[in-house]
Every structure is written in structure tokens, then in C-alpha cells.
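Each value in this text was obtained by applying a stated rule to the coordinates, not by laboratory testing. Predicted model, so just to flag it, every value in this text is computed and none were measured. So basically every Cβ, Gly included, is an ideal-geometry build from the backbone, and we count neighbours across all protein chains shown.
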Amino acid sequence: MKANQHSEKFGCISQATRVWAISCVHGDSVKLKQLHEALSERWQHGDRLVYLGNYIGRGADIKGVLDELLRFRIDRLCLPGMISSDIVYLRGTQEEMLRKLLQVQLATDPPAVFDWMMDHGIEETLKAYGSSAQEARGYFREGILATTRWTGRLRDTIQSHPGHNDILISLRRAAYTMDGELLFVHAGIDPSRPVTEQADTFWWGSGFFDKIEAPYSGFKRVIRGFDRSHDGVTETDHTISLDSGCGFNGPLTAACISLDGQIEELLTSD
């Protein structure tokens, strides 16, 4: 994928010499702040930044994570030569679930969809914005109009926190460096399909990632942030996986990757 194929669905990283990729945060603001501090000390001119999704869900300080993402964004954009497109946020499974939750009244079976989301970590996001599973299920029993009022109030609450909705509506499906060296995804990508035809594989297709046995679409490396097994930093000739289990009792990881696909630096939170 070249720069002329860039759209609002994908992030195009231009004029980069290295790219920092940060794995899934899962509501742990303390580890994110630690990582940001360490990253600041190692930042070089020409560095760019990609967050690989799942900022919300599971952890206890989801609002704190979004506030820290906003703070560090401002901090980086104050540096000479940085522009807004030099920092990219990918949509993770948690953010995709929240997007679906805010329109759950349109689902064929809202309670069943909601129960599935609860099993996959959405509950802490609800709590962060002043709701609960019990409240949601009460509105489901009252019907579609009541459920619509509930999702509307939840959306309003998110929007009442400065900058939170701005991040959530800016999320990209994937990101790539301008000349096609590196591709960044949340969880998976189907190597048999082009980037533009992945549908929901970016979020739910982590099993495809291990099937990448050749350069995908000309990229030197495909980098992901979420691994269902949380196996830590793993590399193949064509991929890098960075999930060390933040939100599942593991550290938060960031890798600095050169345009030739090599990890130059690796940071983990305590």
C-alpha cells in the first residue's frame, strides 16, 4: 500500500526514520506513564509513534489512560518537525466493542451481544463512564427505545470528558510507513487478502498472524500489538508481535523499529 492509497481508515506515517509501536494498554495508566517516561528519554528526531489498540477495557483506570494518551500527544507534537499524522492510534478489539455497544439497540439480540462483550472485558469500560452491566440489562428488558436512551447517555458521558471522544473517533484500522516498509495492525491480518479487504480480521483474526510465512504485500515486517496468548515479544522473518500481557498481570511493551524492520530498542514497564 502506497501513500496515494491512504484514506481515513488507515494511518500513513511519513518522513520517519524509526517508529515506536506500543502494545495494548488495557486500562493500566500507571504502566503507560512509566513507558512514556522511558520513551521520552530515548526519543530521536525522525521518530514516529503508533499505538496498537486496546487502550480501554479490563483495567481500572481507563479514563486515566485516555488522559495520558492526550498528554503525551501534546508533548510529542511540541517537538520540532512533528505533525499530527506522526502519531497514529489503531482501533483494538476493546474499542471496536465499544463502537458496537453504542449502537447495540440495532442488534438482533442486544442481551446476547452484550453478554458476549462482557465475557471479553467491556465491563470496566462501562464502569469508567458511570454505567454497569446491571443497568444495561435493565434497559434491554424495557425495549429498544429505552436501550437507545441508555446508549445515548453513555455516548454523552464519554463526550463530556475532554479529548476522549476525539481519540475514539480518530482510530485507524491499520497504519503503514509511507514507502511501504512497515505495516502495523492490532491483532491479525489475513495474508491471502489485501489490506483494504480485511474486514474485521484486524480485530478478531489473530490466528491468521501466525500464517504469515512470506513478505506480506511487499512490507518488510508486519507488527501487531495484541496476541490472545500474550506470549511477549516474538519475531519471525516477516512479523513482530509485542503483547507482553498488560492488563493480564504482564508488563506494557514498546518497540522502536527501523525502516528495515529491525527492533532497535525495546522498552517494558515495571
Of the conditions (1) surrounded by fewer than 20 Cβ atoms within 10 Å (Cβ to Cβ); (2) under 14 Å from His26 (Cα atoms), the single one that Gly225 does not satisfy is (1)
Does Arg155 meet the test of being surrounded by fewer than 19 Cβ atoms within 10 Å (Cβ to Cβ), within 23 Å of the chain's Cα centre (by Cα) and within 18 Å of Ala107 (Cα to Cα)?
-> yes
Out of (1) among the hydrophobic types (A, V, I, L, M, F, W, C); (2) buried (at least 20 other Cβ atoms within 10 Å of the Cβ); (3) under 23 Å from Glu95 (Cα atoms), the odd one out for Phe248 is which?
-> (2)
Looking only at the stretch 108-130, which residues are part of a loop (DSSP other than H, G, I, E, B) and either touching a Gly at 6+ places or on another chain (Cβ under 8 Å) or touching a residue at least 12 places away in the same chain (Cβ under 8 Å) (or both)?
-> His120, Gly121, Ile122, Tyr129, Gly130
Pair list, Cβ under 7 Å, 6 or more apart: the stretch 25-45 residue free of Cβ contacts under 8 Å to residues at least 24 places away in the same chain and surrounded by fewer than 19 Cβ atoms within 10 Å (Cβ to Cβ), other residue of a type in the set (S, T, N, Q) and in a helix (DSSP H, G or I) = none
Would you say Tyr139 is surrounded by 14 or more Cβ atoms within 10 Å (Cβ to Cβ) and in contact (Cβ under 8 Å) with a residue 40 or more places away in the chain?
-> no
Of (1) out of contact with any strand residue (DSSP E or B) (no Cβ under 6 Å at 6 or more places or on another chain); (2) within 19 Å of Cys256 (Cα to Cα); (3) in contact (Cβ under 8 Å) with a residue 12 or more places away in the chain, Met82 satisfies all except one. Which?
-> (3)
